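Structure first, then comments.
The values are calculated or read from the model by the stated rules, or taken from the named source; none is laboratory data. Model, not experiment: these values are computed from the prediction. Glycine gets a Cβ as well: all are built from the backbone with ideal geometry, and neighbour counts include every protein chain shown. Accessible surface is based on the protein model in full, side chains and every heavy atom, while ligands, DNA and RNA are left aside. Shrake-Rupley method; radii C 1.70, N 1.55, O 1.52, S 1.80 Å.
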Amino acid sequence: MVVGAGAAGTAAAIEAARAGVRVTLVDENPIGVSMMGLDVPQFIGRRVKDPLPARDVMLERVVAANSSLAEAEEAGVEVQLGTCVWGAFRNSDTSRVLDGPQLGLADDERSWMVKYDRLIVAAGARDLAMSFPGSGLAGVMGANGAHALMSRYQALASRRMVVLGAGNLGLTTAQMALDRGVEVAAVVDVSSSARGDEALLSRLRGAGVELYTSHTVKEAVGGAGEIESVVLVEIDDDCDPVAGTEKVVAADTVCLAIGLVPNVELLALLGCDLAFASERGGWAPVHDDRMRTSVDSVFVAGDVAGFHDGMVLDAEIARNQGRLAGIAAAESLGAIDEDEALARIDDLKPTAVDAATPDAHSGWQRWHRSLVNAGGLEVLACQCEEVTRAEIIGLQPPRYLGRGSEQASRRNLRTQAGANPVNADQVKRLTRAGMGHCQGRLCREQVALLLAEESGADIADIPVMSYRPPVRPLPLRVMWPHDEPEQVRCEWPKWFSPTHRVLG
């Protein structure tokens, strides 16, 4: 099984199939409109054209945007598009009854389980989200979401865009938007100078794109739930806004291209060792030079194995990782011997040395600090559960409880840090930050950055927030298609009656 049909996943599937292995390649694209509305798996920010074409047209566009899919089918790979992986399971200390490792799959109509002998996870990376006043308006989206809408779906509903992030990710996003007729009003970065490819910078400047360094977002302004303009402000060396430097930029879209984070959900569920590495986008799987993880049957490739800005400009890095994983998986199954595996590896086209950014999180921290200083603590860090930065710092209970206890009012991140190491899962349980329908994809890093800032801990010492299946929000009719009994249908309102209580 190969999860993810991007550059790495298709390369892995092709390599393993050519070695004589039976391969199934699954990818959740094209995703449904309901998932797009939930910003899962891409942070689309309600910037999709309405109405979308019929599903068969979307499928044609997805296939046309990825020429490697045809090559994979020619190699004998079974390709399943529009199929998401919502869970991964294997026997461990807490489970001993499975007859082999399995994945939970689902499409628009049903869910099912499939067993595998080897698994290659090429699930890519997700957008790093940051909040600011107005970030809940339609039009705030991620670079991955923008790329998907522009290339895979041809459905980006933007006219004028502001891009946050002047690394290769941001510059590439801006250029792609220009190429598709979207006006790019500005590229903004908190650094004192742009960090991206000089040729891209030159092209953008030649196209008249304004570049604002040492700037951050003060707020996004709009009406009827839509962004109409963005207020930028200059920041000093301490990330504090400089009074009198505000600039209002008309735009209907703000694209967050600050960074990407490996999609490690399935790897976490399978118990693969994860390690924090800022140069690889944060928490990423531990793997060897053959892309083997700490779990014998699991391999990784592409952005999920660790993302850095240089990978934006060179897709061969991901493809080569995929080929290595496919060869290693085939060898582990006995389809090829060690000598043939080595020969196949020697035939791989070498790629440039990884241009990793060792201090990626220092940039993220500067972005986060500037947005907090400019926007304040009453901004929602977790949009789904409506939890503000102040409530996370204060470890306040969910708002729907009405009021907190006296004990809760005395605690905060600093008092907790004095007694125990700061733990993101504990914060999630106390505040519900990260429990929404996006399952923490848009707030995990913000929570971790807040925890590090308030407790004085190193960001690397903040444990990763845990994952639980399903790792994709799915309709109940898909998870369990059977109807409820007539008695339940007639009696279920009683369960919500104030006189009916069940204590457990």
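Assess whether E60 counts as being open to solvent by 30 Å² or more (accessible area, probe 1.4 Å), without any contact (Cβ under 8 Å) to a residue 60 or more places away in the chain and not aliphatic (A, V, I, L, M). Spell out the reasoning first.
Numbers: open to solvent by 30 Å² or more (accessible area, probe 1.4 Å): yes; without any contact (Cβ under 8 Å) to a residue 60 or more places away in the chain: yes; not aliphatic (A, V, I, L, M): yes.
When the stated conditions are applied, E60 passes them.
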Exercise for the section: Answer with yes or no whether A207 is surrounded by fewer than 22 Cβ atoms within 10 Å (Cβ to Cβ), farther than 25 Å from L442 by Cα, of a type in the set (A, V, I, L, M) and over 26 Å from the mean Cα position of the chain (by Cα). Expected result: yes
Completion exercise
Given the conditions (1) surrounded by fewer than 19 Cβ atoms within 10 Å (Cβ to Cβ); (2) assigned to a strand (DSSP E or B), every one holds for R126 apart from (1)
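Under the condition of being over 11 Å from the mean Cα position of the chain (by Cα) and aliphatic (A, V, I, L, M), which residue from region 432-446 is least open to solvent (accessible area, probe 1.4 Å)?
At the first step, the residues of region 432-446 found to be over 11 Å from the mean Cα position of the chain (by Cα) are 432-437, 446.
When the remaining residues are screened for being aliphatic (A, V, I, L, M), the result is 433, 435.
Working: A433: 1, M435: 74 Å².
Per the criteria, the residue is A433.
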Handout entry: Candidate set from region 453-466 (those that are part of a loop (DSSP other than H, G, I, E, B) and open to solvent by less than 40 Å² (accessible area, probe 1.4 Å)); member that is nearest to L430 (Cα to Cα)
Key = M465
Exercise for the section: Might you check whether a residue that is open to solvent by 30 Å² or more (accessible area, probe 1.4 Å), touching a Gly at 6+ places or on another chain (Cβ under 6 Å) and within 25 Å of S151 (Cβ to Cβ) occurs anywhere in region 89-107? Expected result: yes
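For residues that are part of a loop (DSSP other than H, G, I, E, B), closer than 25 Å to A243 by Cβ and without any contact (Cβ under 8 Å) to a residue 24 or more places away in the chain, tally how many sit in region 377-400.
The initial filter retains those residues of region 377-400 that are part of a loop (DSSP other than H, G, I, E, B), namely 377-379, 383-386, 394-398.
Remaining after also requiring closer than 25 Å to A243 by Cβ: 377-379.
So of that shortlist, the ones also without any contact (Cβ under 8 Å) to a residue 24 or more places away in the chain come out as 377-378.
Of the residues in that region, 2 qualify.
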Practice task
Would you be able to say whether some residue in region 232-252 is within 28 Å of D39 (Cα to Cα), out of contact with any strand residue (DSSP E or B) (no Cβ under 6 Å at 6 or more places or on another chain) and open to solvent by less than 30 Å² (accessible area, probe 1.4 Å)?
Solution key: no
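Can you name the helices (runs of 4 or more DSSP H) wholly within region 269-376 that have at least 2 residues being without any contact (Cβ under 8 Å) to a residue 12 or more places away in the chain and surrounded by fewer than 17 Cβ atoms within 10 Å (Cβ to Cβ)? It would help to see each step written out before you state the result.
Working: elements: 316-332, 338-346, 360-375.
In region 269-376, 338-346 are the helices (runs of 4 or more DSSP H) which contain 2 or more residues that are without any contact (Cβ under 8 Å) to a residue 12 or more places away in the chain and surrounded by fewer than 17 Cβ atoms within 10 Å (Cβ to Cβ).
I'd like to verify a number: residues in region 210-231 that are closer than 20 Å to L171 by Cα and either surrounded by 22 or more Cβ atoms within 10 Å (Cβ to Cβ) or free of Cβ contacts under 8 Å to residues at least 40 places away in the same chain (or both), how many? Break it down stepwise before answering.
Just the residues of region 210-231 that are closer than 20 Å to L171 by Cα, to begin with: 210-217, 230.
In the following step, the residues that additionally are either surrounded by 22 or more Cβ atoms within 10 Å (Cβ to Cβ) or free of Cβ contacts under 8 Å to residues at least 40 places away in the same chain (or both) were identified as 210, 212, 214-217, 230.
Result for region 210-231: 7.
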Practice task
Out of V23, V2, report the one residue that is buried (at least 24 other Cβ atoms within 10 Å of the Cβ), touching a Leu at 6+ places or on another chain (Cβ under 6 Å) and at pLDDT 95 or above.
Solution key: V2
Practice task
Could you grab me the full set of residues in region 5-57 that are more than 18 Å from A70 (Cα to Cα), charged (D, E, K, R) and without any contact (Cβ under 8 Å) to a residue 60 or more places away in the chain?
Solution key: R55
